[in-house]
């Protein structure tokens with residue numbers, strides 16, 4: 001077993017690889033962050049925002065490549081002077097990763113000294129075209145379908161791939177869905193059948209047996225509750241133990257109780273017994289049952305014999321918890337008797353059977369809930385009452401969830417096709433309407449769930465409270481459950497029509513009539529006549545056969561339909577690779593039919609050569625950090641309920657997350673820190689071996705699967721294209737803090753999944769971290785649909801880095817970078833700074849490092865038409881107070897925060913012309929990923945103009961070519977001059 005690398009080990013390895021092998025010699029782990037601060041690392045952060053952010057970032061990169069230079073001198077600086085080559089880190093998120101990966105791939109193929117001149121020149125001839133690496137970007141700015149139009153092969157190829165992948169996913173999802181309905185139908189049949197295999201009903205044997213079974217199961221559940229009430233802290237039962245020891249016995253007791261009520265004797269007793277007598281008898285029985293549970297608990301724990309020897313313990317009988325428990329038993333029995341009267345004494349057999357199937361099993365759980373409510377009310381002033389109230393509240397929550405799930409599931413699965421047969425429209429007409437309704441709700445969910453205006457998707461617009469945003473959120477929230485409900489009804493109707501040739505409810509009613517009423521009797525609700533006994537006897541075998549067939553289909557579909565390759569991710573990644581990574585691939589040899597070249601996509605490890613001389617000087621390369629999100633929607637860390645995700649980085653050296661592997665002060669104790677879990681990128685997520693063998697024929701020769709990643713020569717590790725596409729997977733059922741349970745379900749059903757499942761780098765993923773995806777698709781799809789992604793399983797769900805933090809700043813502060821330039825081209829037309837605020841807040845919470853910005857409020861959104869903004873900055877300066885976390889010796893960090901802005905002032909004529917015809921520029925919707933030539937050039941030119949003007953202001957007309965750190969120091973000194981007079985000087989010491 002190979003242990004994952006910790007965060008400390010990874011940060012140390014990165015620093016040595018960037019700054020030299022001996023820079024951290026002798027530095028202890030506890031002093032590492034302070035030592036990293038002294039290295040004065042520099043970082044360029046490119047934010048998320050799709051193709052908009054990528055194009056704006058291209059202008060930023062070109063401006064950094066063109067500076068510094070003296071005033072009115074347009075000659076480009078030499079490679080050793082250009083600001084671009086002075087960055088140690090390149091941190092990218094989502095759309096920023098497009099252009100960042102383009103640059104990294106280009107530098108892995110050509111030396112920096114050759115790349116730099118091509119960033120801003122066209123050669124010596126006036127008519128020379130752009131360098132290929134930039135010209136191809138402009139050509140493929142509409143990267144999803146480069147050639148637009150209905151007659152374009154690109155358009156129809158994309159449509160065909162989406163349809164193909166959707167159908168393949170449905171081959172797995174529909175059998176799983178129908179199989180779950182078959183299981184629910186079998187459960188309903190089982191409950192209705194319980195009272196019939198015990199011989200002649202008139203002797204009451206079935207009633208006695210089922211009542212005894214129900215009583216025994218109730219005593220098991222009550223014993224667990226009484227024992228749990230005596231324990232606290234780490235000795236108390238876990239949630240899993242509660243589900244097995246209490247909830248399961250109680251629910252099965254409800255099923256047995258339903259069967260007892262469904263017997264002939266039980267039915268006749270309920271008819272002749274007045275309600276008042278049922279309440280009294282139920283109360284007495286509840287008193288006896290709760291008292292017996294108390295006695296059994298004392299007997300099995302050994303406390304009874306101690307009490308008999310010690311007479312003082314008999315005083316406990318006077319204690320409020322003892323008689324409160326017995327009074328709760330009376331309430332339990334009385335409420336159970338009331339339910340028996342309401343549910344089990346109906347006159348019409350169809351109504352009675354329906355009430356029994358829907359409400360009888362949950363009623364016993366609700367009775368227990370009422371008893372617990374009575375108990376906590378009577379014992380509210382006793383010691384440990386607060387703790388017991390919390391315990392009973394959690395158990396009541398589980399009871400209610402199971403009750404609602406049972407009622408809704410049985411109603412939709414049992415009554416769907418039966419209702420379709422009773423409506424006057426007719427079965428076919430109603431079926432058509434239901435299909436149309438399902439399609440309509442699916443389309444609404446598809447449009448709203450993938451929109452940036454909904455809470456399930458990233459949006460930087462003012463807190464999503466506009467009427468349009470509210471309408472989108474309501475439509476997205478309602479469309480998913482409506483679609484799912486219609487799908488349940490349609491699925492139930494299909495099973496009944498294909499397998500049973502009639503509604504299952506018709507068989508159950510007929511079965512009840514046959515046993516309870518004369519053959520001539522009919523049902524008020526069901527008038528289609530009796531079902532033949534031979535047909536009734538085939539219901540269970542037919543359902544079992546259907547379940548087996550569906551299970552076999554789902555098994556093979558899960559095995560061969562890859563969860564990753566048949567989502568939208570494949571289409572999205574391949575087109576990103578063609579447009580951005582292929583642009584810098586000189587001499588590429590694309591397929592003449594498809595236009596794709598598989599060699600466009602380098603591996604992550606190839607971005608960072610092992611030899612230092614191959615990545616410094618004229619061969620400079622930034623250390624690229626691609627930021628993604630590891631989704632933990634079903635997290636056990638309550639502090640992460642809003643985040644629902646953690647930062648997951650993919651670099652040329654390592655891939656993993658610093659928030660994995662929690663360290664506790666003792667087993668089950670308080671969280672102290674996170675160790676982190678990282679694996680080498682050279683092997684992470686690159687193996688195509690599933691690790692499992694499927695023997696279709698027992699004597700077939702099976703290929704040998706290498707058991708370890710180091711034994712697999714075909715494992716290249718994760719590729720740059722895959723990491724780039726994961727980092728930009730904005731539309732996904734698992735979307736970090738943007739996740740919505742209802743929308744997640746619909747997005748999964750419609751296969752709108754841009755995320756990627758990879759092995760967990762933590763110890764739990766020891767046998768999976770090197771594989772490129774799960775061996776089967778069923779479990780990940782279910783987790784996608786119901787938001788069950790966690791960080792403690794062999795495989796984890798990764799998605800857009802913006803689902804955690806959209807600027808790339810978080811990981812640079814972890815690395816204690818002192819000089820950071822941020823390009824923020826996120827969709828934020830009203831300048832709410834939600835991305836910046838999210839980053840600053842999480843950094844303050846997780847690292848204890850405050851960040852403050854000077855004159856951020858002076859930056860302004862786009863003015864009204866015809867208005868010009870003068871003396872309004874495009875940037876703000878920030879200070880990172882590292883001393884708050886690392887001690888007074890730590891020097892503060894400096895942030896140059898640049899935001900996409902249009903002031904209608906200094907922008908060029910081309911930018912102004914585009915802005916005048918596009919009122920939302922430069923914050924057009926992120927859903928627009930089809931950029932035109934004018935759109936591409938306007939964003940690129942805006943990014944270049946903004947960054948170049950900021951650098952020119954900092955440098956002035958000085959003839960000395962200042963380096964990056966000096967320029968940022970000047971900007972910080974200029975911006976913070978007034979503030980520095982009012983604050984403590986040590987805050988800016990060394991800035």
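Derivation of every value follows stated rules applied to the coordinates shown; laboratory data play no part. What you see is a predicted model; the values in this text were computed from it and never measured. Neighbour counts run over all protein chains shown; Cβ positions are idealised from the backbone, glycine included.
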(request) Using only Cα atoms, figure out Rg for segment 1-132 and give it as a multiple of 2.2 N^0.38 Å. (result) 1.30
(message) For a quick check: sort 907, 973, 30 by the number of other beta carbons within 10 angstrom, fewest at the front.
(response) 30, 973, 907
(message) For segment 896-945 and segment 746-805, what is the centre-to-centre distance using only Cα atoms, to the nearest Å?
(response) 36
(message) Using a 10 Å cut-off around each Cβ, can you sort 947, 604 from fewest to most neighbouring Cβ atoms?
(response) 947, 604
(request) For residue 549 and residue 155, compute 0.36 nm times the residue count separating them, minus their Cα-Cα distance, and round to one decimal in nm. (result) 138.1 nm
(request) Run the quick spin-label model on residue 616 and residue 71: label points 7 Å from Cα toward the beta carbon, then report their separation in nm to one decimal. (result) 3.6
(request) Please give the length that would be gained between residue 29 and residue 404 if that part of the chain were fully extended, namely 0.36 nm times their separation in residues minus their C-alpha to C-alpha distance (nm, one decimal). (result) 129.8 nm
(request) Could you order peptides 673-680, 785-792, 821-828 by the average number of other Cβ atoms within 10 Å of their residues, highest first? (result) 821-828, 673-680, 785-792
(message) If I model a spin label as a point 7 Å beyond the Cα along the Cα-Cβ vector, how far apart are those points for residue 381 and residue 586 in nm?
(response) 8.9
(request) Quote to one decimal, in nm, the extra length available between residue 498 and residue 16 on full extension: 0.36 nm per residue of separation minus the C-alpha distance between them. (result) 166.9 nm
(request) Determine how many Å³ per residue the convex hull of the Cα atoms of segment 755-832 encloses. (result) 148
(request) Before anything else, pin down the relative contact order of segment 824-888: Cα pairs under 8 Å, at least 6 apart, normalised by residue count, whole percent. (result) 36
(request) Treat each spin label as a single point 7 Å out from the Cα along the C-beta direction, and report the residue 235 to residue 559 distance in nm. (result) 5.0
